[in-house]
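Asks: This is the structure I want to talk about, given as structure tokens.
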Amino acid sequence: MVAINRRKFLGSSASGVGMLGLAGAMPAWARGGLDGTIARRGSDVLSGEHLTMSVADTTFTTGSRRGPGVAVNGTIPGPLVRLKEGQNLTVDLLNRSSHGTSIHWHGLLVPFLMDGVPGVSMAAVEPGDTYRYQFPIRQSGTYWWHAHTLQEPLGHYGPLIVDPIEPEPYEYDRDYVVMLSDWSTMSPYSIMKKLKVAEGYFNYGKTTWTDDYDMSGEERRMWARMRMMPTDISDVSGATYTFLINGHGPEDDLEYLFQPGERVRLRFINGAAMTYFNIRIPGLPMTVVQADGQNVQPVETDEFQIGVAETYDVIVEPRGEAYSLVAEAIDRSGMGVATLASRPGARTSVPPLRKPPLLTMTDMGMAGHGDSAGAAGEGHAGHGAASAGAAAGMDQGAGSMTGMDHGSSGDAEMAGMAGMAGMSGMNMRDTSLLPPNVKVGPGIDSVAMNPIDRMDFPGLGLDDVSHRVLNYNQLVAAKPNTDNRRPSRLKTIHLTGNMERYMWSFDGKKFDEITEPIQFAYNERVRVKLINNTMMAHPIHLHGHFFELVNGAPADRQPLKHTLTVQPGGSAQFDLTANERGDWAFHCHLFYHMHNGMFQVVTVRPLEGGEG
């Protein structure tokens, strides 16, 4: 295990996760200096065994907006890195920008010293310096790369495709990348400062002064008594962000060409800093064939929600003249738009933004609120038959797992906001429900009374639409998994936060308060349960590994992922084989949550006295 100097790590400011204190000198782009060149929109293609990627400060424009950016090889997004499974890769990263940088190869299985996280696996590459990444390509699929520094939301990210050695299990005629992101003329420093001063600074959809929401007066008073906002869906909205597809905003008229009757593969990558997107192509069904770079049994759907850092590959068969490809922000404050066109210039109408969703009791962790037993989480192990018996008798360090619940969100969901008026007397901050390992203090402002498994939930605002919507329970691995051992123990982690103070953490502890990493023995098989005590969805990413969603699929066909959305007030579980040695970042992929404390290090260590 590499020793981690947390003082140095947290003091590195924009060079690493240590943005927490906003310490250090601001680079030119953060001070408003836009003396660089204008970045080109879109990605060039880099292929081969030896690549060069050069980072530089730049100016970015989309529509009528103009502001600071960070380009790699002159474009935003940076180049599409297209590789072949089984090859070796060398990348020379040249830092021609004004601040520290890195590249994290999101989803790729690499040696931990090549993982690109300043303060954990490397030092930031300082201005004027060059760093060489070298590793073999051990897999295939759709992935992406990005800085693990403050440069990421400014444009330091790009798509990554690894073509497989064996033929794909599905056929297609065209292959397109759909890289989603959010960009602001406001620097990350300014966004962070405003969130710390007033967590609702960017929430322009507040219900206190508008009649745009179907809420009674009593429901509005109830939310006011709880000092909560049912429209608090996204920390930063479309009023501040322009939502991009391959670097193109809605006014930039991006198109993907096809011939009617062709099968078109669309590789959706959410490279946003803070935005979940709802993806649909009105009038055109999508068949999901891959999730997070791993093949799944095909699932036909009409819409899906993609969390920050997730990827989904779909195949469509367009036969008309044109279709709108819509990436609507989860809070419905804006959208990214492109066109699938049978000829250049072919267009169709773009659907309007839908009504913003409202949070419910389930999102507050109050599903079935009359029975709060087990809310501390150690007795809840998952959804349906997949978890029943599969982990019975596991040693979790605090008793057996025989007390699992097998409920689903559908069993306890309460329709809409009805009946919420009687909730005002309930204590949303009852920290007695938390286990002893969770630190209680100002960093926790809500506790889920009854966090249920929500793997079957399609995402906020999508549970009452009239068409088909994807959920995690529909994902089944295309091939049997290689490790089907029963997990030996359960590790429970609570996602915690205080929205008013904009503090985020695991188990009530921000990263600068954590003294020991999460430790797994090499090749250990462990079940991890994540309990979300907050009212926001969190995309949780584990570096260096794939894990298997415990989602009701047969034990040998649990789908592999590297990033998992944990729904508000709910829980989610995955099975992990810890077979990659080293120190690995584990964090929420909402950029400003990670940089405000929802970050941890996972150490995979050799077995004592063994060969591991």
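The values are calculated or read from the model by the stated rules, or taken from the named source; none is laboratory data. Everything numeric here is computed off the predicted structure, so don't read it as measured data. Using ideal geometry, Cβ is built from the backbone for each residue, glycine included, and neighbour counts are taken over all protein chains shown.
Asks: Which one is farthest from residue 578 (Cα to Cα), of the residues in segment 58-113 that are assigned to a strand (DSSP E or B) and aromatic (Phe, Trp, Tyr)? Please lay out each step first, then the result.
Replies: The initial filter retains those residues of segment 58-113 that are assigned to a strand (DSSP E or B), namely 58-62, 65-72, 75-76, 80-84, 88-95, 101, 104-106.
Of the ones still in play, those that are also aromatic (Phe, Trp, Tyr) are 60, 105.
Values: 60: 41, 105: 19 Å.
Of everything passing the filter in segment 58-113, 60 is farthest from residue 578 (Cα to Cα).
Asks: Going through segment 561-580 one residue at a time, which ones are among the acidic types (Asp, Glu) and part of a strand (DSSP E or B)? Steps first, please.
Replies: Initially, segment 561-580 is screened for residues among the acidic types (Asp, Glu), giving 575, 580.
The one that is among the acidic types (Asp, Glu) and part of a strand (DSSP E or B): 575.
Asks: Say whether the condition of being outside the structural domain of residue 195 (by TED's automatic domain parsing), of a type outside the set (A, V, I, L, M, F, W, C) and surrounded by 20 or more Cβ atoms within 10 Å (Cβ to Cβ) is met by at least one residue in segment 478-485.
Replies: Of the residues in segment 478-485, the ones outside the structural domain of residue 195 (by TED's automatic domain parsing) are 478-485.
Remaining after also requiring of a type outside the set (A, V, I, L, M, F, W, C): 479-485.
Narrowing the set further to residues that are surrounded by 20 or more Cβ atoms within 10 Å (Cβ to Cβ) leaves none.
Within segment 478-485, none of the residues are outside the structural domain of residue 195 (by TED's automatic domain parsing), of a type outside the set (A, V, I, L, M, F, W, C) and surrounded by 20 or more Cβ atoms within 10 Å (Cβ to Cβ).
Here is a yes/no grid of residues against (1) modelled with pLDDT under 95; (2) buried (at least 21 other Cβ atoms within 10 Å of the Cβ); (3) out of contact with any Ser or Thr (no Cβ under 8 Å at 6 or more places or on another chain):
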residue	(1), (2), (3)
523	no, no, no
527	no, yes, yes
556	no, no, yes
574	no, yes, yes
578	no, yes, yes
593	no, yes, yes
609	yes, no, yes
612	yes, no, yes
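Asks: Before we move on, is residue 195 at pLDDT 90 or above and over 21 Å from residue 353 (Cα atoms)?
Replies: On the way: at pLDDT 90 or above: yes; over 21 Å from residue 353 (Cα atoms): yes.
When the stated conditions are applied, residue 195 passes them.
Asks: Also, quick follow-up: Please work out if residue 298 is assigned to a loop (DSSP other than H, G, I, E, B) and either closer than 11 Å to residue 180 by Cα or more than 14 Å from the chain's Cα centre (by Cα) (or both).
Replies: Values: assigned to a loop (DSSP other than H, G, I, E, B): no; either closer than 11 Å to residue 180 by Cα or more than 14 Å from the chain's Cα centre (by Cα) (or both): yes.
No.
Asks: Here is a further query. Among 64, 54, which is the only one that is modelled with pLDDT under 95 and within 27 Å of residue 191 (Cα to Cα)?
Replies: Details: 54 fails: modelled with pLDDT under 95.
Exactly one residue qualifies, and that residue is 64.
Asks: With the checklist (1) surrounded by 21 or more Cβ atoms within 10 Å (Cβ to Cβ); (2) within 25 Å of the chain's Cα centre (by Cα); (3) not acidic (Asp, Glu) in hand, flag the one item residue 111 doesn't pass.
Replies: Status for residue 111: all satisfied but (1).
Asks: So which residues in segment 169-189 are modelled with pLDDT under 95 and charged (D, E, K, R), if there are any at all?
Replies: Within segment 169-189, no residue meets the criteria.
Asks: Within segment 78-95, identify whether any single residue is surrounded by fewer than 18 Cβ atoms within 10 Å (Cβ to Cβ) and closer than 26 Å to residue 240 by Cβ, and answer yes or no. It would help to see each step written out before you state the result.
Replies: Step one: of segment 78-95, the residues surrounded by fewer than 18 Cβ atoms within 10 Å (Cβ to Cβ) are 82, 84-88, 90, 92.
Subset that is closer than 26 Å to residue 240 by Cβ: none.
The answer is no, given that none of the residues of segment 78-95 is surrounded by fewer than 18 Cβ atoms within 10 Å (Cβ to Cβ) and closer than 26 Å to residue 240 by Cβ.
Asks: Still on this model: Can you report the number of residues in segment 241-279 which are under 22 Å from residue 352 (Cβ atoms) and either part of a helix (DSSP H, G or I) or at pLDDT below 95 (or both)?
Replies: 4
Asks: Confirm whether residue 520 is aromatic (Phe, Trp, Tyr) and free of Cβ contacts under 8 Å to residues at least 60 places away in the same chain. Let's see the steps before the verdict.
Replies: Numbers: aromatic (Phe, Trp, Tyr): yes; free of Cβ contacts under 8 Å to residues at least 60 places away in the same chain: no.
So residue 520 does not fit the description; no.
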